[in-house]
1. Please specify each residue of the range 10-29 satisfying the condition of being surrounded by 11 or more Cβ atoms within 10 Å (Cβ to Cβ) and not charged (D, E, K, R).
2. Could we say that residue 190 is outside the structural domain of residue 39 (by TED's automatic domain parsing), surrounded by 16 or more Cβ atoms within 10 Å (Cβ to Cβ) and among the β-branched types (Val, Ile, Thr) here?
3. Residues to consider are 140, 101; find the one that is closer than 18 Å to residue 164 by Cβ and at pLDDT below 95.
4. Applying the selection to the range 30-40, what residues are more than 19 Å from the chain's Cα centre (by Cα) and surrounded by 10 or more Cβ atoms within 10 Å (Cβ to Cβ)?
5. Can you pull out the residues in the range 133-155 that are under 18 Å from the mean Cα position of the chain (by Cα) and surrounded by 20 or more Cβ atoms within 10 Å (Cβ to Cβ)?
6. If you go through the range 156-171 one residue at a time, do you hit one that is in contact with a Leu (Cβ under 9 Å, 6 or more places away or on another chain), of a type in the set (D, E, K, R), surrounded by 15 or more Cβ atoms within 10 Å (Cβ to Cβ) and not in a helix (DSSP H, G or I)?
7. Being of a type outside the set (A, V, I, L, M), part of a strand (DSSP E or B) and under 25 Å from residue 137 (Cβ atoms) is the requirement here; does residue 64 meet it?
8. Name the residues in the range 202-225 that are assigned to a helix (DSSP H, G or I) and buried (at least 16 other Cβ atoms within 10 Å of the Cβ), would you?
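The values are calculated or read from the model by the stated rules, or taken from the named source; none is laboratory data. On a predicted model such as this, the values are computed, not experimentally measured, just so you know. Cβ sites come from the backbone with ideal geometry, for glycine too, and all protein chains shown count toward neighbours.
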Amino acid sequence: MKINFLPWDSDFFSKKIGDITLDQEEPVDTENYDLIVVKQLSDFLIDWEGYDLSFKETKVNFIKPLDHLHNIGSGLVKDSDNEEKEEDFFKELAYESGKMSRFLLDKSFGEAKFKELYDRWVINSLNKKFAVKTFYIEESGKAIGFVTVQKYDDLGKIGLIATHPEYQGKGFGRKLLQTAENFCLDNGMTHLEIPTQKENIQACSFYKKQGYEIKDEIIIKHYWKNDSL
């Protein structure tokens, strides 16, 4: 099987990176890739000469049908289109949203590149490349929670969502998610999907409490070439 070259990832990390989906063990031409991202529906051993497994996670997609609007109350959740904020306002929350990201937990990338990646994610969400809407909550001029939403026809998807650790457990995450759901319903979306990691027990529990169910799961593994680590 042939590996799919990932030009954006390769350029950003200055490595030759590709991905491949495998249903069973079979011959693969590794083509001198620095990193091969393997996606599997079921877990099985892969042994490629010259490559080491550095990271493994199970990505989970949650989904919920949207059938009613929530009463959020006025003033708490703000729309970045109405009250414009610079990207620095959201960066710490972006890092919080990515605390279980494979780009952080796989130390081969380095924390600096993880932060740069999420900085770009925030910028491209605010300029509408990665999201159609960004909502946030602030207190004393500080961002304490935010969520970004993307639209794919009648399906909405959460890109980034986080509440500052000092404000977790106070209902802010629920208000942000309900605001995102209201936005989706008001804009022709019938379902909202949220990706996370199965290993992120806190997030999975939160989404289930909000009425979300697991849509699908996929195992993701990172195989680095020995001399690329």
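1. Within the range 10-29, 10, 12, 13, 17, 18, 20, 21, 22, 28 qualify.
2. No.
3. 140
4. Just the residues of the range 30-40 that are more than 19 Å from the chain's Cα centre (by Cα), to begin with: 30-36.
Matches in the range 30-40: 30, 31, 33, 34, 35, 36.
5. We begin by selecting, within the range 133-155, every residue under 18 Å from the mean Cα position of the chain (by Cα); these are 133-136, 145-152, 155.
Passing the criteria: 133, 134, 135, 136, 145, 146, 147, 148, 149.
6. First, pick out the residues of the range 156-171 that are in contact with a Leu (Cβ under 9 Å, 6 or more places away or on another chain): 156-158, 160-164.
Filter again for of a type in the set (D, E, K, R), leaving 157.
From what is left, the residues that are surrounded by 15 or more Cβ atoms within 10 Å (Cβ to Cβ) are 157.
Now narrow it down to the ones that are not in a helix (DSSP H, G or I): 157.
Checking the range 156-171: at least one residue is in contact with a Leu (Cβ under 9 Å, 6 or more places away or on another chain), of a type in the set (D, E, K, R), surrounded by 15 or more Cβ atoms within 10 Å (Cβ to Cβ) and not in a helix (DSSP H, G or I).
7. Numbers: of a type outside the set (A, V, I, L, M): yes; part of a strand (DSSP E or B): yes; under 25 Å from residue 137 (Cβ atoms): yes.
For residue 64, the condition - of a type outside the set (A, V, I, L, M), part of a strand (DSSP E or B) and under 25 Å from residue 137 (Cβ atoms) - is met.
8. Taking the range 202-225 first, the residues assigned to a helix (DSSP H, G or I) are 202-209.
Correct list: 203, 204, 206, 207.
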